[in-house]
Amino acid sequence: NTNGNDLVFDHDDKADQYYEVHFVHATKNVTRTDKVNRTIHYVHSDGKTAEPDKVQVVNFTENGVQDLVTGNITWTPAKSQTMASVDIPVFEGYTPDIKSVASQTVNFGDKDLDTTVTYSADAQQLDVAFIDDTTGKTLQTVVKKGHSDEQAGYNTKNDINKYLGGHYKLVSDNTNGN
């Protein structure tokens, strides 16, 4: 209430002069950013990568007011955001342990998320029939059981040699000796 003027003592000895000077804290607007990642890993049961990771990113910006005297900041919380659901890719011969990754709501400051989809090889059966084309009869059938992309531990070489030694003549072998 001095209006910035020089102060002068008055002539009233019975009353002290009293003046007030008021302040408020200066403030400034501030922002901060954050992001939350969700990484979906696609792996086979042996740990090998089945498909490149899929990464979803949500970005946040929060506004605040900083008190320049105390340094304290009052933040206006950013709104929650939702990451979309993800359908799991299908690979023939393999079964994933989940069908989809559900949508998920995240907030500013949440930790990154990781989900691993594990693909197990499906059970397979391999049949090799040795056929006498002259009689139409099946001489032998070899059955092997295993899983997708797994070695069967068998080739036709020894069995073909057995029949060639018995005066058969090889007409075809669609395994090509593999």
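The values are calculated or read from the model by the stated rules, or taken from the named source; none is laboratory data. Everything numeric here is computed off the predicted structure, so don't read it as measured data. For neighbour counting, all protein chains shown are included, and Cβ atoms are generated from backbone atoms with ideal geometry for every residue, glycine included. The protein model used for the area step is the full one, side chains on, heavy atoms only, and it has no ligands, DNA or RNA in it. Shrake-Rupley method; radii C 1.70, N 1.55, O 1.52, S 1.80 Å.
In a GNM of the chain with a 10 Å cut-off on Cα contacts, which of Tyr119, Tyr163, Tyr42 has the highest mean-square fluctuation?
With Cα springs under 10 Å in the chain, the top fluctuation among Tyr119, Tyr163, Tyr42 is at Tyr163.
Mind telling me which of Gly153, Gly166, Gly47 comes out most flexible in a GNM of the chain, alpha-carbon contacts under 10 Å?
Result: Gly166 has the largest fluctuation of those listed.
When you count, for each residue, the other Cβ atoms within 10 Å and take the mean per peptide, how do 25-37, 132-144 rank with the highest first?
25-37, 132-144
Just to check, using Stokes-Einstein with a Kirkwood Rh over alpha carbon pairs, what's the diffusion coefficient of region 95-178 at 25 °C and 0.890 mPa s in µm²/s?
Details: Rh = 17.4 Å.
Result for D is 141 µm²/s.
May I ask you to evaluate 6.51 cos²θ - 1.76 cosθ + 1.60, the Karplus curve with θ = phi - 60°, for each residue of region 114-122 and list the ³J(HN,Hα) values in order in whole Hz, giving x for glycine and proline?
Going residue by residue, I get 10, 10, 10, 9, 10, 9, 9, 5, 6 Hz, with x marking Gly and Pro.
Can you give the convex hull volume of the alpha carbon atoms of region 1-65 per residue, in Å³?
150 Å³
How big is the gap, in Å, between the Cα center of region 98-129 and the Cα center of region 26-44?
Their Cα centres are 24 Å away from one another.
How many lysine pairs does the chain hold where the Cα atoms are under 28 Å apart and the two sit 8 or more places apart or on different chains?
The number of close lysine pairs in the chain is 25.
Accessible area of the chain with a 1.4 Å probe: how many percent of it is carbon plus sulfur?
47 percent
Pop out the ³J(HN,Hα) list for region 155-160 in order, Karplus 6.51 cos²θ - 1.76 cosθ + 1.60 with θ = phi - 60°, rounded to Hz; leave Gly and Pro as x.
Karplus values, whole Hz, x for Gly and Pro: 9, 7, 3, 5, 5, 4.
Evaluate the charge dipole of region 1-86 about its Cα centre and quote only its size in Debye, nearest 20, assuming +1 on the Cβ of each Lys and Arg and -1 on the Cβ of each Asp and Glu. All intermediate terms of the calculation are to be shown ahead of the outcome.
Numbers: 8 positive and 12 negative charges, 216 e Å.
So the magnitude is around 1040 debye.
Collect residues whose amide H, placed 1.01 Å from N in the peptide plane, falls under 5 Å from the amide H of Met83; neighbours closer than 5 in sequence don't count.
Amide H neighbours of Met83: Gln104, Thr105, Val106.
Just to compare against my own numbers: the Cα pair-distance distribution for region 27-162, 5 Å bins, whole % per bin, please.
Computed distribution, short to long bins: 2, 8, 13, 11, 9, 8, 8, 7, 7, 6, 5, 4, 3, 3, 2, 2, 1, 1, 1, 0, 0.
Once Lys and Arg get +1 and Asp and Glu get -1 on their Cβ, which of His41, Val128, Gly64 lies farthest toward the positive end of the dipole of the chain?
Val128
What would the Debye equation give as log₁₀ I(q)/I(0) for region 36-104 at q = 0.14, 0.16, 0.29 Å⁻¹, counting only Cα atoms as equal point scatterers?
-0.60, -0.69, -1.31
I want to check the label-to-label distance for Thr105 and Asn158. Put each point 7 Å from Cα in the C-beta direction and report it in nm to one decimal.
6.4 nm
Return the sequence-ordered ³J(HN,Hα) values of region 133-145 in whole Hz as given by the Karplus equation 6.51 cos²θ - 1.76 cosθ + 1.60 applied to θ = phi - 60°, using x for Gly and Pro.
Here the 3J(HN,Hα) series is 5, 6, 9, x, 8, 7, 7, 6, 10, 9, 10, 10, 10 Hz.
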